Amino acid sequence: MPRVSAKRQITLPIHQCREVGIGPGDEYVSYVADGRITIVRKTRGAAKGFLRHVAGDPAVSDEESLEGALDEAAH
């Protein structure tokens, strides 16, 4: 069972890396959602549809959404 090192590093099981095409030196993106960390090999379009389960609120403008995100980040 892989463990997190003191430097917060992890080793991914080789069989999982092979299954999803992750190799040494590949770049990746990680996301946190619903209390889980998801790792995706960084390729154009790899995250397409990743947030499809998130419902937007059409009553909130893009500007209001950005202001809300900036306010949260400031606190």
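Below are the figures for this structure:
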| quantity | calculated |
| --- | --- |
| Condition broken by Ile39, with the remaining ones in (1) surrounded by 10 or more Cβ atoms within 10 Å (Cβ to Cβ); (2) at pLDDT 90 or above satisfied | (2) |
| Set Asp57, Asp71: member being in contact with a helix residue (DSSP H, G or I) (Cβ under 9 Å, 6 or more places away or on another chain) and over 19 Å from Gln9 (Cβ atoms) | Asp57 |
| All positions within the stretch 34-50 that are of a type in the set (A, V, I, L, M, F, W, C) and either on the phi > 0 side of the Ramachandran plot or without any contact (Cβ under 8 Å) to a residue 12 or more places away in the chain (or both) | Ile37 |
| Unmet requirement for Ile37, which otherwise passes all of (1) of a type in the set (A, V, I, L, M, F, W, C); (2) in a strand (DSSP E or B); (3) over 17 Å from the mean Cα position of the chain (by Cα) | (3) |
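Table: residues versus (1) closer than 18 Å to Met1 by Cβ; (2) at pLDDT below 90; (3) under 12 Å from the mean Cα position of the chain (by Cα); (4) basic (Lys, Arg).
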{"position": "Pro13", "(1), (2), (3), (4)": "yes, no, no, no"}
{"position": "Gln16", "(1), (2), (3), (4)": "yes, no, no, no"}
{"position": "Val20", "(1), (2), (3), (4)": "no, yes, no, no"}
{"position": "Tyr28", "(1), (2), (3), (4)": "no, yes, yes, no"}
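The values are calculated or read from the model by the stated rules, or taken from the named source; none is laboratory data. Since the model is a prediction, treat every value here as computed from it, not as a measurement. A quick note on method: Cβ atoms are made from the backbone with ideal geometry, for glycine too, and the neighbour counts reach across all protein chains shown.
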